[in-house]
Each structure stands twice: as structure tokens, then as C-alpha cells.
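Shown next, in C-alpha cells, is the structure this report addresses.
The values are calculated or read from the model by the stated rules, or taken from the named source; none is laboratory data. This one's a predicted model, so the numbers in the text were calculated from it and none came from an experiment. All Cβ positions, even for glycine, are placed from backbone atoms using ideal geometry, and neighbour counts span all protein chains on display. SASA here: full protein model, heavy atoms, side chains in, ligands and nucleic acids out. Shrake-Rupley method; radii C 1.70, N 1.55, O 1.52, S 1.80 Å.
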Amino acid sequence: MDSYQPTSDERQAMRAFLQRAEVRISTMHRIAGVFLNGAGLLILLPVFFRDAISDINNIVLKQIAQLFTLWQTGQFSWSAVADLGLYTLLFIPFIATLGIPLYAFLLLLKDIVYFYFANQSPGFTHKLFNPRFILSGLAFSTDEAPAVKRAVIQHQYNSDLLEFILPFERHEAAFYDQVYQQSEGLIVPPSRDAAQLASQGVNQSQISQQAIERFNTALGLSGFLDRTLIEEVARTEISVVRYALCLRRLVLRYIKALLMFVWTTLLSFILVSFLEHLQPLVILAVGYVVWSALTPLVVRMPTNWIWQALREDVNLKGVARDEEITRFEHFVVKVCRLTLAIAILTLLSEIGRLIVHV
């Protein structure tokens, strides 16, 4: 590949591809930006905590406070003890209704981080761990116009660009010294070491060595690398694939988190409307039975929508499964089985007590 020299038409085709790829990548980043600002989740979060959850808390705490009042006045009975025990038991489903949507939101944030950050910079040694923003620095291809590239490098190291590359306060420049020392110089792009700079005509004797090291460290931290046009096309192709895979999971994760918040918030509002007028323990138990029974269906809904397009003659079904997505679904199912058992037990216990009293 190193000895291959593309023709003029081939170079033009590669440039056209890079332009198309930049448009595709910018489109993908705009899509990811929707999830970064939270979209509908930022609206649902205050509603979920301030209204739905807080209202249930207030009603339940009021009931528990009445039980403690009976205890202080000496009117505490075995019935009150049973009520307190059932409220304690229902605390587990309550935590589940609170924790699962938040866990889905946490996984969404994790996938956003994976989309926007890379832990490896192609072209650098694998011994170097350099987590960086996914959009790397962009270099003029080395084989596009070698004379122009040589002049560009010379200007970079013989101008105030050495200082301009450090966008923070001057005292923070020591961070680059620390990175350079800890990485033993591996953070420097291979094309910017002392020997390569000398071959490009950079007179390093007239420049502060510390300034050069900081400049090169900044380049390395951004994932900057001098590549040929072919290498740039290859990296861009794989970058688009990486973005597509990340967005595939990110969109599914967002839809699941949104559905969890909408479903749990809606059910909580319904519970609140009944809690103020009917027996709280019965309503809570019924509500958590419904939530536990239907939540596995809700969390699998986006995946099921996709699987509806499956053709009958397709046998390799497992290829389409993302273990990270299905692992969350399995976790929700296990939690819901536990909360369903607790809610049913509480409901039957409370109904039995009410029948006895009648």
C-alpha cells in the first residue's frame, strides 16, 4: 500500500468520498446531540420526582405517621403492626419503580460517553491509553502536496501557533508537561518526533524544547496524526461504522429509558388519584402488581417492534441481538418477578385482613 500511488482521478474520488463522509458524520453527531441534551427525559425527570414520586411518598408517610401516633398514644394494635410490616414490604417495589427508570437513564448516559469518547487513537501505540473526544484533530494529507505539507509544518513550529494551541490559562500548560512525562513521550504523534521534524526543515534549535513538547502533546491528546489520503479514507470509513454501531445502541437505549419513565410516571399518577380516597395498602399493592406484570412488556417493546420485520426464512436470528440491550431486559424481568411476588403477597394479606375485619 505504501508504494501505491493513486492517479489524479482516484485522488479526486477519495476527496469526494471524504466530503460525503463528513456530511454523514456531522448528521450522526446532530442525532447524538438530541440525546446529549436529554430531549424528553429532561422534561419527564422533574415530573417524575416532583409530582408522581413525591405524592406517593407524602401519602404513604402520612399513613405511617398515623401508625406511630397510635403507638405513642398506647393504641397500637397487631393490626397496626401488620400495616407497618406491609408498608415496609412494599418499599421494595417502590424502590424498583424508582430505580429501574434511573438505571435505564444511567445506561443511556454511559452510551453517550462511549459515543463521544474513544479510548484508542488509531496510529498510536497500543501501550498508550489516551481517552479523547471522538472527533480527532484533522491534518492535511502528507501525499496531497508534499511541498505544501512541509511549509505548513514549518509554519506551525515557527510561529505563535505554538502558544495558540494551548486554549487554557497559562499555568494550566503544566498539564501537558505532566502528560508528556507520564507517557514517556508516546503521546507525541510519530510524525512529529524530533527526527521527523528535522526532515521537514524545522529548525528546533531556535525553539524552546518545552514549547515543542507541549505542542506535540496537545496534538497527541486530540488524536491528531499526519496521514496519507488513503489512510484518511480508511480511518473515515471505520469511523462511520463506529458511529453507526454506537447510534444503533444509543437510540434503542433512549427509547427504552423514555418508555420506562413514561410508563412509571403514568402509573404513579393513577395511583395517587386513588390513594387519597381508598385503602392505600390495597391500591399500592394493586399498582405494583400491574407495574411488575407489564414493565417487562414495556421494556421489550422497542425490540419487539424491530423483530416484527423478521422474515420467516431467516434462521440466523441471534446476529441481530445486542447483548448489552438484552442484558438490561433480563435484569428488568428478574426484578419485576421479585416485585410481583411481593406485591401479590401484600395484596392477598391486606385483602384477607379486610375480610376478617368485615
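Numbers below:
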{"item": "Matching entry among Ser292, Ser349, Ser268 (being within 16 Å of Ile95 (Cα to Cα), modelled with pLDDT under 85, surrounded by 15 or more Cβ atoms within 10 Å (Cβ to Cβ) and not aromatic (Phe, Trp, Tyr))", "result": "Ser268"}
{"item": "Leu267 being among the hydrophobic types (A, V, I, L, M, F, W, C) and under 30 Å from Arg30 (Cβ atoms)", "result": "no"}
{"item": "Elements of type helices (runs of 4 or more DSSP H) contained in the range 124-190, each with 1 or more residues being in contact with a Leu (Cβ under 9 Å, 6 or more places away or on another chain)", "result": "146-157, 174-182"}
{"item": "Residue among Gly99, Gly74 that alone is under 24 Å from Pro280 (Cβ atoms), open to solvent by less than 60 Å² (accessible area, probe 1.4 Å) and either part of a helix (DSSP H, G or I) or at pLDDT below 65 (or both)", "result": "Gly99"}
{"item": "Any hit, the range 221-231, residues being touching a residue at least 40 places away in the same chain (Cβ under 8 Å), within 18 Å of Gly33 (Cα to Cα) and basic (Lys, Arg)", "result": "no"}
{"item": "Flag for Ala139 being at pLDDT 90 or above, surrounded by 17 or more Cβ atoms within 10 Å (Cβ to Cβ) and farther than 28 Å from Ala257 by Cβ", "result": "yes"}
{"item": "Leu67 vs. criteria at pLDDT below 90 and farther than 30 Å from Leu18 by Cα", "result": "yes"}
{"item": "Members of the range 142-157 found to be free of Cβ contacts under 8 Å to residues at least 60 places away in the same chain and open to solvent by 50 Å² or more (accessible area, probe 1.4 Å), listed by number", "result": "Pro146, Ala147, Val148, Arg150, Ala151, Val152, Gln154, His155"}
{"item": "Residue in the range 194-207 that is surrounded by 15 or more Cβ atoms within 10 Å (Cβ to Cβ) and touching a residue at least 60 places away in the same chain (Cβ under 8 Å) present", "result": "no"}
